[in-house]
1. Could you check the range 227-239 and list, in sequence order, the residues that are more than 20 Å from Ala272 (Cβ to Cβ) and part of a helix (DSSP H, G or I)?
2. Looking at (1) more than 18 Å from the chain's Cα centre (by Cα); (2) of a type outside the set (Lys, Arg); (3) closer than 27 Å to Leu57 by Cβ; (4) at pLDDT below 95, which one does Asn188 not meet, given that it meets all the others?
3. When the range 88-132 is examined, which residues are found to be within 17 Å of the chain's Cα centre (by Cα) and without any contact (Cβ under 8 Å) to a residue 60 or more places away in the chain?
4. State whether one or more residues within the range 12-22 are in contact with a Phe, Trp or Tyr (Cβ under 9 Å, 6 or more places away or on another chain), modelled with pLDDT under 95 and not assigned by TED's automatic domain parsing to the domain that holds Asn252.
5. When the range 204-226 is examined, which residues are found to be crowded, with 17+ Cβ neighbours inside 10 Å and in a helix (DSSP H, G or I)?
6. Which of the residues spanning the range 240-267 are outside any helix (DSSP H, G or I) and surrounded by fewer than 16 Cβ atoms within 10 Å (Cβ to Cβ)?
7. If you scan the range 161-176, which residues turn out to be in a strand (DSSP E or B) and touching a helix residue (DSSP H, G or I) at 6+ places or on another chain (Cβ under 8 Å)?
8. Cβ-Cβ below 7 Å, separation at least six or inter-chain, first residue in the range 64-79 and within 30 Å of Gln109 (Cβ to Cβ), second of a type in the set (Phe, Trp, Tyr) and outside any strand (DSSP E or B): which pairs?
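The values are calculated or read from the model by the stated rules, or taken from the named source; none is laboratory data. It should be emphasised that the depicted structure is a prediction, and the values quoted were computed from it without experimental measurement. Neighbour counts run over all protein chains shown; Cβ positions are idealised from the backbone, glycine included.
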Amino acid sequence: MLAATGASAGLLDLLRKPSIELKTGLLDLSLEELILNTSILGLIELEIDVNQVIAVLTLPGGIETDLIINFDRVIGLNEDSLGLSASELDPEDPALLQRLPAGAMVIPQADFPMLIEIEPVDNFAFANDVELEIHTHNLEFTPGTRLRLFAAAHGEAFRDITTYVGPGSYRSRGRRGKFSEFLVVEDNRDTDTVIATKFDYLRDLLEGYRGDIPPYIYWVLRTEINSAKNAWNFDDDDRATDLLDSAIETVNRNRGLIPNVWHPNLDMKNVAGEFTAAAQTLIFSLDLPD
């Protein structure tokens, strides 16, 4: 059985209301129908409660994960608009490997060969960033694990978005300012390499959106990012984290002045969501033991 609730509202409601009320509906599908219908392959159970999605995704061979998606604000969220699906990936597929960081240090997991896709339709939009959590028994958490949650816009390069890893057997969270594809990999790159890459990405993101940010806010954010990287260069990870937290607060205080809504088709840039998500995964890496 697939159970779902759904609702729709105007875009202005998203910006004006702290939450959206949803009404309940029910849709029954057999397991055979789910397996044969590739558009919802892997979607076994789905519940939507205001701004949270709870789903169970499964593939043949006992590959399964719980998925929780937490939105800050969202409109048009229902089982049809979300566009959630899962498919089996080939860990040795050259096309997939080319989308991972160079050097063969980032390895898709043969024990959990699942590609999760979220491709919402036109009547869907969300504000700020969104948190995704996966929980699977196909992988085992161990202290110091290198398992990470990676994400990519459709067809683009995957990058680390992890903000938490923990037991249960394996649980991971990440944040995004936009949607598309997600998978779990083993990232054997040196932690300093990962941190440097995330600093570069955050600075490139800021520069790429410079024209969308009021100049005085841009210069505050640029100063905070540069100061954070300088602190890290001098082995002061705590100071670097504090400065990144300050940059996140700067963005959150100026939502609206900084574009903060994502829509699948309209030309709407979720600058705030992408920035805070990138800063938070950088903080995760800075907090890892040396």
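1. Ser227, Lys229, Asn230, Ala231, Trp232, Asn233, Asp237, Asp238, Arg239
2. Asn188 satisfies every listed condition except (4).
3. Arg99
4. Yes: one or more hits.
5. Once the filter is applied, which keeps residues that are crowded, with 17+ Cβ neighbours inside 10 Å and in a helix (DSSP H, G or I), the range 204-226 yields Leu205, Leu206, Tyr218, Val220, Leu221, Glu224, Ile225.
6. Across the range 240-267, the qualifying residues are Gly256, Leu257, Asn265, Leu266, Asp267.
7. Thr162, Thr163, Tyr164, Gly174, Arg175, Arg176
8. That search, which allows pairs on different chains as well, returns Leu77/Phe124.
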